[in-house]
1. So is residue 172 outside any helix (DSSP H, G or I), in contact (Cβ under 8 Å) with a residue 60 or more places away in the chain and loosely packed, with under 10 Cβ neighbours inside 10 Å or not?
2. Of everything in the range 115-139, what is buried (at least 16 other Cβ atoms within 10 Å of the Cβ) and either in a loop (DSSP other than H, G, I, E, B) or not assigned by TED's automatic domain parsing to the domain that holds residue 70 (or both)? Give them in sequence order.
3. Please find, among 80, 84, 56, the residue that is part of a loop (DSSP other than H, G, I, E, B) and either touching a strand residue (DSSP E or B) at 6+ places or on another chain (Cβ under 7 Å) or surrounded by fewer than 16 Cβ atoms within 10 Å (Cβ to Cβ) (or both).
4. Assess whether residue 196 counts as being surrounded by 10 or more Cβ atoms within 10 Å (Cβ to Cβ), assigned to a helix (DSSP H, G or I) and free of Cβ contacts under 8 Å to residues at least 24 places away in the same chain.
5. Would you check if there is a residue in the range 3-26 being at pLDDT below 85, closer than 30 Å to residue 89 by Cβ and exposed (fewer than 13 other Cβ atoms within 10 Å of the Cβ)?
6. Any idea which of (1) out of contact with any helix residue (DSSP H, G or I) (no Cβ under 9 Å at 6 or more places or on another chain); (2) surrounded by 10 or more Cβ atoms within 10 Å (Cβ to Cβ) is the one residue 282 doesn't satisfy?
(Lines give C-alpha, C1' and ligand atoms only; values in the text may rest on other atoms or scores of the structure.)
Protein backbone atom coordinates (compact mmCIF):
# COMPACT_ATOMS: atom_id res chain seq x y z
CA UNK A 1 0.00 0.00 0.00
CA UNK A 2 2.82 2.34 0.86
CA UNK A 3 4.54 1.54 -2.41
CA UNK A 4 1.41 2.42 -4.39
CA UNK A 5 1.09 5.78 -2.64
CA UNK A 6 4.67 6.63 -3.41
CA UNK A 7 4.17 5.78 -7.08
CA UNK A 8 1.10 8.00 -7.34
CA UNK A 9 2.94 10.84 -5.65
CA UNK A 10 5.82 10.52 -8.12
CA UNK A 11 3.45 10.60 -11.07
CA UNK A 12 1.70 13.67 -9.66
CA UNK A 13 5.05 15.43 -9.22
CA UNK A 14 6.05 14.66 -12.83
CA UNK A 15 2.75 15.96 -14.17
CA UNK A 16 3.05 19.10 -12.06
CA UNK A 17 6.56 19.65 -13.35
CA UNK A 18 5.51 19.21 -16.97
CA UNK A 19 2.51 21.49 -16.63
CA UNK A 20 4.28 24.20 -14.65
CA UNK A 21 5.60 25.94 -17.81
CA UNK A 22 2.33 25.73 -19.81
CA UNK A 23 -0.62 28.05 -19.79
CA UNK A 24 -3.03 25.55 -21.30
CA UNK A 25 -3.49 22.56 -23.50
CA UNK A 26 -3.02 24.69 -26.61
CA UNK A 27 0.60 25.34 -25.64
CA UNK A 28 1.50 21.68 -25.92
CA UNK A 29 3.28 20.74 -29.20
CA UNK A 30 1.51 18.44 -31.58
CA UNK A 31 2.96 14.98 -32.13
CA UNK A 32 4.40 13.91 -35.45
CA UNK A 33 5.01 16.37 -38.29
CA UNK A 34 6.29 16.37 -41.88
CA UNK A 35 9.39 14.43 -42.75
CA UNK A 36 12.37 16.74 -43.32
CA UNK A 37 14.12 16.03 -46.61
CA UNK A 38 17.16 17.90 -47.92
CA UNK A 39 18.61 21.20 -46.62
CA UNK A 40 16.27 23.16 -44.36
CA UNK A 41 16.01 26.95 -43.78
CA UNK A 42 14.47 28.86 -40.86
CA UNK A 43 12.07 31.70 -41.64
CA UNK A 44 10.20 34.00 -39.25
CA UNK A 45 6.88 35.80 -39.75
CA UNK A 46 5.17 38.51 -37.69
CA UNK A 47 1.44 38.32 -36.93
CA UNK A 48 -0.86 40.62 -35.00
CA UNK A 49 -2.76 37.56 -33.72
CA UNK A 50 -1.95 33.85 -34.14
CA UNK A 51 -5.14 32.64 -32.36
CA UNK A 52 -4.61 29.00 -31.19
CA UNK A 53 -1.64 28.22 -33.45
CA UNK A 54 0.83 25.90 -31.67
CA UNK A 55 4.30 24.58 -32.42
CA UNK A 56 4.59 21.66 -34.87
CA UNK A 57 1.64 23.06 -36.82
CA UNK A 58 1.87 22.56 -40.57
CA UNK A 59 3.41 25.02 -43.03
CA UNK A 60 1.92 24.63 -46.52
CA UNK A 61 2.81 25.88 -50.00
CA UNK A 62 0.10 25.50 -52.65
CA UNK A 63 -1.94 23.37 -50.17
CA UNK A 64 0.99 20.94 -49.77
CA UNK A 65 2.63 20.51 -46.37
CA UNK A 66 6.34 21.35 -46.71
CA UNK A 67 7.39 22.36 -43.18
CA UNK A 68 6.33 23.01 -39.63
CA UNK A 69 6.14 25.73 -36.96
CA UNK A 70 9.07 25.36 -34.56
CA UNK A 71 8.49 28.24 -32.13
CA UNK A 72 6.04 31.06 -31.27
CA UNK A 73 7.29 34.04 -29.27
CA UNK A 74 5.87 37.41 -28.27
CA UNK A 75 7.74 40.55 -29.38
CA UNK A 76 5.93 43.47 -27.76
CA UNK A 77 2.41 43.43 -29.21
CA UNK A 78 3.44 41.24 -32.14
CA UNK A 79 3.58 37.44 -32.35
CA UNK A 80 6.69 36.08 -34.08
CA UNK A 81 6.33 32.60 -35.60
CA UNK A 82 9.46 30.60 -36.47
CA UNK A 83 9.08 28.07 -39.29
CA UNK A 84 11.32 25.42 -40.79
CA UNK A 85 10.87 24.76 -44.51
CA UNK A 86 12.98 23.00 -47.14
CA UNK A 87 15.32 25.17 -49.18
CA UNK A 88 14.09 23.45 -52.34
CA UNK A 89 10.67 25.18 -51.98
CA UNK A 90 12.11 28.08 -54.01
CA UNK A 91 9.93 30.81 -52.53
CA UNK A 92 10.54 34.47 -53.58
CA UNK A 93 11.78 37.10 -51.17
CA UNK A 94 8.37 38.88 -51.08
CA UNK A 95 6.38 35.79 -50.05
CA UNK A 96 3.14 36.32 -48.08
CA UNK A 97 2.20 34.34 -44.94
CA UNK A 98 -1.47 33.67 -44.10
CA UNK A 99 -2.89 31.99 -40.97
CA UNK A 100 -5.62 29.62 -42.16
CA UNK A 101 -7.72 26.69 -40.93
CA UNK A 102 -8.04 23.27 -42.55
CA UNK A 103 -11.81 23.10 -42.01
CA UNK A 104 -14.60 24.67 -39.97
CA UNK A 105 -13.36 23.00 -36.79
CA UNK A 106 -9.93 21.92 -38.06
CA UNK A 107 -6.44 22.86 -37.01
CA UNK A 108 -4.58 26.08 -37.83
CA UNK A 109 -1.66 26.17 -40.25
CA UNK A 110 0.60 28.71 -42.01
CA UNK A 111 0.13 29.10 -45.77
CA UNK A 112 3.05 30.63 -47.70
CA UNK A 113 1.85 32.25 -50.93
CA UNK A 114 3.76 33.68 -53.87
CA UNK A 115 2.76 37.16 -55.16
CA UNK A 116 0.58 37.45 -58.26
CA UNK A 117 3.47 38.47 -60.49
CA UNK A 118 5.70 35.63 -59.34
CA UNK A 119 7.76 37.74 -56.92
CA UNK A 120 11.41 38.75 -56.95
CA UNK A 121 14.51 37.48 -55.18
CA UNK A 122 14.69 34.34 -53.06
CA UNK A 123 13.64 33.58 -49.49
CA UNK A 124 16.78 32.55 -47.57
CA UNK A 125 17.64 31.30 -44.12
CA UNK A 126 16.97 33.86 -41.34
CA UNK A 127 14.64 36.07 -43.43
CA UNK A 128 11.69 37.83 -41.78
CA UNK A 129 8.22 38.26 -43.30
CA UNK A 130 6.93 41.60 -41.88
CA UNK A 131 3.40 42.48 -40.76
CA UNK A 132 2.72 44.15 -44.11
CA UNK A 133 2.80 40.71 -45.81
CA UNK A 134 0.96 38.61 -43.19
CA UNK A 135 -2.70 38.12 -42.32
CA UNK A 136 -5.34 35.62 -41.19
CA UNK A 137 -8.78 34.41 -42.16
CA UNK A 138 -11.80 35.38 -40.01
CA UNK A 139 -12.67 32.91 -37.28
CA UNK A 140 -15.97 31.03 -37.15
CA UNK A 141 -16.74 32.77 -33.86
CA UNK A 142 -16.25 36.16 -35.51
CA UNK A 143 -18.56 35.27 -38.40
CA UNK A 144 -21.29 33.97 -36.06
CA UNK A 145 -20.94 37.04 -33.85
CA UNK A 146 -21.39 39.39 -36.81
CA UNK A 147 -24.34 37.34 -38.05
CA UNK A 148 -25.99 37.46 -34.66
CA UNK A 149 -25.53 41.22 -34.54
CA UNK A 150 -27.22 41.49 -37.92
CA UNK A 151 -30.10 39.22 -36.97
CA UNK A 152 -30.74 40.60 -33.50
CA UNK A 153 -29.91 44.29 -33.47
CA UNK A 154 -29.08 44.89 -37.13
CA UNK A 155 -31.15 45.71 -40.19
CA UNK A 156 -33.04 42.43 -40.59
CA UNK A 157 -36.01 43.87 -38.76
CA UNK A 158 -36.01 46.85 -41.07
CA UNK A 159 -36.12 44.72 -44.25
CA UNK A 160 -39.89 44.19 -43.81
CA UNK A 161 -40.45 47.96 -43.54
CA UNK A 162 -38.35 48.55 -46.65
CA UNK A 163 -40.22 45.85 -48.57
CA UNK A 164 -43.62 47.24 -47.53
CA UNK A 165 -42.70 50.79 -48.57
CA UNK A 166 -41.39 49.57 -51.93
CA UNK A 167 -44.62 47.71 -52.60
CA UNK A 168 -46.68 50.79 -51.74
CA UNK A 169 -44.52 52.97 -54.02
CA UNK A 170 -44.65 50.59 -56.99
CA UNK A 171 -48.31 49.63 -56.71
CA UNK A 172 -50.34 51.29 -59.53
CA UNK A 173 -47.32 53.10 -61.02
CA UNK A 174 -46.29 50.50 -63.55
CA UNK A 175 -46.19 52.91 -66.52
CA UNK A 176 -44.21 55.53 -64.60
CA UNK A 177 -41.73 52.94 -63.37
CA UNK A 178 -41.29 51.61 -66.93
CA UNK A 179 -40.70 55.13 -68.24
CA UNK A 180 -38.23 55.79 -65.43
CA UNK A 181 -36.30 52.60 -66.21
CA UNK A 182 -36.21 53.55 -69.92
CA UNK A 183 -34.90 57.02 -69.13
CA UNK A 184 -32.31 55.57 -66.75
CA UNK A 185 -31.19 53.18 -69.49
CA UNK A 186 -30.81 56.10 -71.93
CA UNK A 187 -28.99 58.14 -69.32
CA UNK A 188 -26.59 55.32 -68.44
CA UNK A 189 -26.02 54.64 -72.14
CA UNK A 190 -25.12 58.32 -72.69
CA UNK A 191 -22.73 58.22 -69.77
CA UNK A 192 -21.12 55.08 -71.16
CA UNK A 193 -20.74 56.70 -74.61
CA UNK A 194 -19.04 59.70 -73.04
CA UNK A 195 -16.84 57.68 -70.70
CA UNK A 196 -13.64 58.93 -72.30
CA UNK A 197 -14.71 62.58 -71.94
CA UNK A 198 -15.75 61.99 -68.32
CA UNK A 199 -12.39 60.40 -67.53
CA UNK A 200 -10.59 63.30 -69.23
CA UNK A 201 -12.64 65.79 -67.23
CA UNK A 202 -11.83 63.96 -63.99
CA UNK A 203 -8.14 63.96 -64.92
CA UNK A 204 -8.36 67.69 -65.62
CA UNK A 205 -9.99 68.29 -62.25
CA UNK A 206 -7.24 66.23 -60.63
CA UNK A 207 -4.57 68.32 -62.39
CA UNK A 208 -6.31 71.53 -61.35
CA UNK A 209 -6.55 70.33 -57.76
CA UNK A 210 -2.85 69.47 -57.76
CA UNK A 211 -1.96 72.93 -59.05
CA UNK A 212 -4.20 74.59 -56.46
CA UNK A 213 -2.59 72.48 -53.74
CA UNK A 214 0.86 73.52 -54.96
CA UNK A 215 -0.18 77.19 -54.70
CA UNK A 216 -1.86 76.87 -51.32
CA UNK A 217 0.28 79.62 -49.80
CA UNK A 218 -0.55 82.05 -52.62
CA UNK A 219 -4.27 81.31 -52.38
CA UNK A 220 -4.14 81.84 -48.63
CA UNK A 221 -2.43 85.21 -49.16
CA UNK A 222 -5.09 86.20 -51.75
CA UNK A 223 -7.93 85.22 -49.42
CA UNK A 224 -6.25 87.14 -46.62
CA UNK A 225 -6.03 90.31 -48.73
CA UNK A 226 -9.53 90.00 -50.21
CA UNK A 227 -11.37 91.59 -47.23
CA UNK A 228 -9.15 94.68 -47.48
CA UNK A 229 -9.90 95.00 -51.19
CA UNK A 230 -13.63 94.67 -50.54
CA UNK A 231 -13.35 97.35 -47.86
CA UNK A 232 -11.68 99.72 -50.35
CA UNK A 233 -14.49 99.09 -52.86
CA UNK A 234 -17.09 99.70 -50.17
CA UNK A 235 -15.41 102.98 -49.19
CA UNK A 236 -15.40 104.14 -52.83
CA UNK A 237 -18.95 103.09 -53.52
CA UNK A 238 -20.16 106.68 -54.06
CA UNK A 239 -17.35 107.45 -56.53
CA UNK A 240 -17.98 104.19 -58.41
CA UNK A 241 -21.70 105.00 -58.64
CA UNK A 242 -20.92 108.50 -59.97
CA UNK A 243 -18.49 107.02 -62.52
CA UNK A 244 -21.06 104.53 -63.78
CA UNK A 245 -23.68 107.31 -64.04
CA UNK A 246 -21.24 109.48 -66.05
CA UNK A 247 -20.49 106.50 -68.30
CA UNK A 248 -24.22 106.06 -68.88
CA UNK A 249 -24.55 109.72 -69.93
CA UNK A 250 -21.47 109.42 -72.14
CA UNK A 251 -22.95 106.39 -73.81
CA UNK A 252 -26.18 108.25 -74.50
CA UNK A 253 -24.30 111.20 -76.01
CA UNK A 254 -22.12 108.89 -78.09
CA UNK A 255 -25.19 107.09 -79.42
CA UNK A 256 -26.77 110.44 -80.34
CA UNK A 257 -23.62 111.59 -82.15
CA UNK A 258 -23.29 108.32 -84.08
CA UNK A 259 -26.93 108.45 -85.17
CA UNK A 260 -26.63 112.12 -86.22
CA UNK A 261 -23.43 111.54 -88.25
CA UNK A 262 -24.60 108.30 -89.81
CA UNK A 263 -25.34 109.81 -93.23
CA UNK A 264 -22.02 111.72 -93.36
CA UNK A 265 -20.07 108.63 -92.30
CA UNK A 266 -21.72 106.54 -95.02
CA UNK A 267 -20.98 109.26 -97.58
CA UNK A 268 -17.31 109.39 -96.55
CA UNK A 269 -17.04 105.63 -96.83
CA UNK A 270 -18.67 105.75 -100.28
CA UNK A 271 -16.17 108.42 -101.34
CA UNK A 272 -13.28 106.31 -100.10
CA UNK A 273 -14.42 103.33 -102.14
CA UNK A 274 -12.94 104.46 -105.54
CA UNK A 275 -9.68 105.51 -103.84
CA UNK A 276 -9.33 102.14 -102.22
CA UNK A 277 -10.25 100.45 -105.50
CA UNK A 278 -7.46 102.33 -107.31
CA UNK A 279 -4.99 101.47 -104.55
CA UNK A 280 -5.98 97.85 -104.93
CA UNK A 281 -5.59 98.09 -108.71
CA UNK A 282 -2.09 99.51 -108.28
CA UNK A 283 -1.05 96.12 -107.01
CA UNK A 284 2.70 95.69 -106.72
CA UNK A 285 3.49 99.07 -108.31
CA UNK A 286 2.89 100.99 -105.10
CA UNK A 287 5.31 98.93 -102.95
CA UNK A 288 7.95 99.14 -105.70
CA UNK A 289 7.60 102.91 -105.94
CA UNK A 290 7.87 103.17 -102.17
CA UNK A 291 11.13 101.22 -102.36
CA UNK A 292 12.52 103.81 -104.80
CA UNK A 293 11.19 106.59 -102.59
CA UNK A 294 13.18 105.34 -99.60
CA UNK A 295 16.45 105.16 -101.61
CA UNK A 296 15.94 108.19 -103.86
CA UNK A 297 17.77 109.22 -106.07
CA UNK A 298 19.39 105.80 -106.30
CA UNK A 299 17.47 102.61 -107.06
CA UNK A 300 17.48 99.78 -104.61
CA UNK A 301 19.85 97.79 -106.83
CA UNK A 302 22.60 100.44 -106.43
CA UNK A 303 22.73 100.19 -102.62
CA UNK A 304 25.31 97.40 -102.84
CA UNK A 305 27.77 99.87 -104.42
CA UNK A 306 27.33 102.49 -101.68
CA UNK A 307 29.72 101.95 -98.79
CA UNK A 308 28.96 104.41 -96.03
CA UNK A 309 29.46 108.01 -97.25
CA UNK A 310 31.04 107.05 -100.58
CA UNK A 311 30.17 104.91 -103.59
CA UNK A 312 32.14 102.84 -106.00
CA UNK A 313 32.11 104.59 -109.42
CA UNK A 314 34.34 104.18 -112.47
CA UNK A 315 34.55 107.43 -114.56
CA UNK A 316 36.82 108.30 -117.49
CA UNK A 317 37.16 112.13 -117.70
CA UNK A 318 39.07 114.10 -120.40
CA UNK A 319 40.10 117.48 -118.91
CA UNK A 320 41.93 118.81 -122.01
CA UNK A 321 40.59 122.37 -122.36
CA UNK A 322 41.32 122.45 -126.06
CA UNK A 323 38.66 119.84 -126.63
CA UNK A 324 36.05 122.10 -125.04
CA UNK A 325 35.92 124.28 -128.24
CA UNK A 326 32.59 123.76 -129.84
CA UNK A 327 32.64 123.12 -133.59
CA UNK A 328 31.36 125.85 -135.86
CA UNK A 329 28.01 124.82 -137.26
CA UNK A 330 28.05 124.95 -141.05
CA UNK A 331 25.14 124.34 -143.24
CA UNK A 332 22.93 123.71 -140.31
CA UNK A 333 19.29 124.21 -141.27
CA UNK A 334 17.61 127.10 -139.70
CA UNK A 335 14.39 126.15 -138.06
CA UNK A 336 11.81 128.91 -137.85
CA UNK A 337 10.78 129.43 -134.30
CA UNK A 338 7.39 131.14 -134.03
CA UNK A 339 7.35 133.94 -131.56
CA UNK A 340 3.97 134.58 -130.00
CA UNK A 341 2.63 138.12 -130.20
CA UNK A 342 1.84 139.48 -126.77
CA UNK A 343 -1.01 141.96 -126.41
CA UNK A 344 -0.14 145.52 -125.58
CA UNK A 345 -1.13 146.40 -122.09
CA UNK A 346 -2.05 150.01 -121.29
CA UNK A 347 0.42 151.53 -118.88
CA UNK A 348 -1.02 154.24 -116.67
CA UNK A 349 0.78 157.57 -116.67
CA UNK A 350 1.90 158.26 -113.17
CA UNK A 351 3.88 161.29 -112.01
CA UNK A 352 7.32 160.22 -110.96
CA UNK A 353 8.92 161.98 -108.05
CA UNK A 354 12.25 163.65 -108.58
CA UNK A 355 14.70 162.46 -105.99
CA UNK A 356 18.26 163.70 -105.90
CA UNK A 357 20.62 161.16 -104.27
CA UNK A 358 24.11 162.53 -103.51
CA UNK A 359 26.78 160.11 -104.68
CA UNK A 360 29.99 159.79 -102.74
CA UNK A 361 33.19 160.73 -104.45
CA UNK A 362 35.43 157.64 -104.50
CA UNK A 363 39.05 157.73 -105.71
CA UNK A 364 39.60 155.53 -108.73
CA UNK A 365 42.77 153.50 -109.07
CA UNK A 366 45.05 154.75 -111.84
CA UNK A 367 47.61 151.97 -111.92
CA UNK A 368 48.63 148.76 -110.28
CA UNK A 369 45.37 146.92 -111.11
CA UNK A 370 45.57 144.47 -114.04
CA UNK A 371 42.77 145.00 -116.49
CA UNK A 372 41.45 142.28 -118.78
CA UNK A 373 42.41 142.50 -122.37
CA UNK A 374 39.92 142.33 -125.15
CA UNK A 375 42.16 140.26 -127.30
CA UNK A 376 42.53 136.53 -127.21
CA UNK A 377 44.50 134.85 -124.45
CA UNK A 378 45.70 131.40 -123.55
CA UNK A 379 42.10 130.41 -122.68
CA UNK A 380 40.45 132.18 -125.61
CA UNK A 381 38.78 130.43 -127.16
CA UNK A 382 36.75 129.00 -125.65
CA UNK A 383 36.77 131.35 -122.66
CA UNK A 384 37.22 135.00 -123.63
CA UNK A 385 36.67 138.24 -121.78
CA UNK A 386 33.85 140.62 -122.63
CA UNK A 387 34.38 142.19 -126.05
CA UNK A 388 32.06 144.89 -127.31
CA UNK A 389 30.94 144.93 -130.89
CA UNK A 390 30.38 147.92 -133.05
CA UNK A 391 26.82 148.27 -131.79
CA UNK A 392 27.96 148.08 -128.18
CA UNK A 393 26.61 144.50 -127.52
CA UNK A 394 28.61 141.92 -125.54
CA UNK A 395 29.65 139.07 -127.87
CA UNK A 396 31.81 137.06 -125.48
CA UNK A 397 29.23 134.26 -124.93
CA UNK A 398 28.59 134.12 -128.65
CA UNK A 399 32.27 133.56 -129.14
CA UNK A 400 32.15 130.76 -126.53
CA UNK A 401 29.37 128.77 -128.19
CA UNK A 402 29.75 129.71 -131.86
CA UNK A 403 33.50 130.01 -132.21
CA UNK A 404 33.43 133.80 -132.91
CA UNK A 405 30.60 133.66 -135.44
CA UNK A 406 28.12 136.50 -134.96
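The values are calculated or read from the model by the stated rules, or taken from the named source; none is laboratory data. Since the model is a prediction, treat every value here as computed from it, not as a measurement. Note: ideal-geometry Cβ built from the backbone for every residue, glycine included; neighbour counts use all protein chains shown.
1. Numbers: outside any helix (DSSP H, G or I): yes; in contact (Cβ under 8 Å) with a residue 60 or more places away in the chain: no; loosely packed, with under 10 Cβ neighbours inside 10 Å: yes.
The answer is no for residue 172.
2. 119, 123, 127, listed by residue number.
3. Values: 80 fails: part of a loop (DSSP other than H, G, I, E, B); 84 fails: part of a loop (DSSP other than H, G, I, E, B).
It is 56.
4. Working: surrounded by 10 or more Cβ atoms within 10 Å (Cβ to Cβ): no; assigned to a helix (DSSP H, G or I): yes; free of Cβ contacts under 8 Å to residues at least 24 places away in the same chain: yes.
No, not satisfied.
5. yes
6. With (1) out of contact with any helix residue (DSSP H, G or I) (no Cβ under 9 Å at 6 or more places or on another chain); (2) surrounded by 10 or more Cβ atoms within 10 Å (Cβ to Cβ) applied to residue 282, the lone miss is (1).
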